[in-house]
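**Q** Structure below; questions to follow.
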Amino acid sequence: MRALPVRLAVAAAAVVALTPAAAVHAEPAPAALRDVPLPFLWPRAGVTGVAAVSDTEAWISGRQGRTGDGTGNPVVRRRAGAQWKEYPLEGWSGSGAVWQVVAHGGEVWAWGVQDDEDLYLARFDGTAFRPVAPPPGVAYAHGTRMWAGPAGVWIQVDVSGGPDGGQLVPALFRRVGGAWAADPVARPLQDGLSDVQARGATEAWGGGCRYDAAAGRPEPVVLRWDGAAWTALPPLPADRCVESVAPAAGGTVWALTWDALYRWDGAAWTAAPAADAFDGYGEKVRLDGDGNPLVVLSRASIYGPAPLLRYAGGTWQTFTTPVETWVDDVSVAPSGRIWATGSTVINSPLVLTAP
């Protein structure tokens, strides 16, 4: 079976640092997240996923009612105005969690793992989440990743493969009509695509690692999809895999690795300066309404608080929160409203927003 991604040693090669003059953005709003009242959840709940729709609408996913080492029961809720709404998860049985909800242009999808084994995949039809058959051959439900945007709905699953058929290999699919269309780009990558983000129907970006046979090591890479095929940008000047990508206007792309944030300006990669706020554990990058990167840290690897970060005007900012917070996920609405999920030091769930 495929091993977990290995964090490689940091190379000593120097990288040109970004300066405030490298990009011009509006003055960012104060870096502060405010609390959003939660819906009723059973004890021992956690909300990990969030999908922003507008200033007043967002979806969250997670689990609740855990006992002992059990996985609990699934959570999917919709914030509409000042109220939370719950909808049936048709076809769900047993225990488990909904790990991710994605939304764009009226499409809302959710996936979870039932009884720690079976992949649950569903699409919201306005009244309930209706089960949708996943791509064929899913061998490990927990390895699923899903994205939605202007280029449609994408899903990556782990299937059996390798030389002897006994390994887990990534398989990427795009929703076309009412079926899943396979895309071979993920196969040569070490762990498939770590992220897919789109700016238009025929412009999507992804990131990951491919194996550099000449150097004998994985090579971080960002790829662009033009509606038909993927093309790789020059490799990043880094020894860490790309964890997440955030395309911006004018061909600019931000790429996050475990320990650095990089910017592609159409000709070369440059790195944001190192800072105490971010010296590792990068997990996800998204852009705020002014095009500034927001960075989520991997809480699974951090013993202290994991706040939401922003890189703006050549400096790093740390978002303040009402209580000490570990941020799990972030999503930005088309209007620029930031929605985030997380938890407190005692693992109480949080939903936060800004401005």
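**Q** Tell me which residues, restricted to segment 137-152, are under 25 Å from Ser93 (Cα atoms) and either under 20 Å from the mean Cα position of the chain (by Cα) or without any contact (Cβ under 8 Å) to a residue 24 or more places away in the chain (or both).
**A** Val138, Tyr140, Ala141, His142, Gly143, Thr144, Arg145, Met146, Trp147, listed by residue number.
**Q** Next question. What number goes with the only condition from (1) in a strand (DSSP E or B); (2) hydrophobic (A, V, I, L, M, F, W, C); (3) in contact with a Pro (Cβ under 8 Å, 6 or more places away or on another chain); (4) within 26 Å of Trp258 (Cβ to Cβ) that Trp180 does not pass?
**A** The number of the failed condition is (4).
**Q** Now, a different point. Answer with yes or no whether Ser93 is more than 30 Å from Asp35 (Cβ to Cβ) and polar (S, T, N, Q).
**A** Answer is yes for this residue.
**Q** Within segment 194-213, restricting attention to residues that are under 15 Å from Pro247 (Cα atoms) and not in a strand (DSSP E or B), which residue is nearest to the chain's Cα centre (by Cα)?
**A** Ser194
**Q** Of the residues Gln83, Gln100, which single one is more than 18 Å from the chain's Cα centre (by Cα) and either without any contact (Cβ under 8 Å) to a residue 60 or more places away in the chain or more than 19 Å from Thr127 (Cβ to Cβ) (or both)?
**A** Just one listed residue meets the conditions, Gln83.
**Q** Taking Ala201 and the conditions (1) closer than 24 Å to Ala333 by Cα; (2) surrounded by 17 or more Cβ atoms within 10 Å (Cβ to Cβ); (3) not acidic (Asp, Glu), which numbered condition does it fall short on, given that it satisfies the others?
**A** Every listed condition holds for Ala201 apart from (2).
**Q** For segment 114-148, what are the residues that are assigned to a loop (DSSP other than H, G, I, E, B) and polar (S, T, N, Q)?
**A** Thr127
**Q** Assigned to a strand (DSSP E or B) and out of contact with any Pro (no Cβ under 7 Å at 6 or more places or on another chain), is that true of Leu256?
**A** Against the criterion (assigned to a strand (DSSP E or B) and out of contact with any Pro (no Cβ under 7 Å at 6 or more places or on another chain)), Leu256 qualifies.
**Q** Can I ask one more? Only one of Ala13, Ala29 is loosely packed, with under 13 Cβ neighbours inside 10 Å and either modelled with pLDDT of 90 or more or in a loop (DSSP other than H, G, I, E, B) (or both). Can you tell me which?
**A** Unique residue meeting the criteria: Ala13.
**Q** Could you count how many residues in segment 213-235 are over 20 Å from Glu203 (Cβ atoms) and touching a residue at least 24 places away in the same chain (Cβ under 8 Å)?
**A** 3
**Q** Within segment 318-334, can one find any residue that is closer than 24 Å to Val253 by Cβ, touching an Asp or Glu at 6+ places or on another chain (Cβ under 8 Å) and not aliphatic (A, V, I, L, M)?
**A** no
**Q** In segment 275-289, what count of residues is obtained for those that are surrounded by 15 or more Cβ atoms within 10 Å (Cβ to Cβ) and either of a type in the set (Asp, Glu) or part of a loop (DSSP other than H, G, I, E, B) (or both)?
**A** Selection size over segment 275-289: 6.
The values are calculated or read from the model by the stated rules, or taken from the named source; none is laboratory data. Keep in mind it's a predicted model, so treat the numbers as computed, not measured. Note that we place each Cβ from the backbone using ideal geometry, even for glycine, and neighbour counts take in every protein chain shown.
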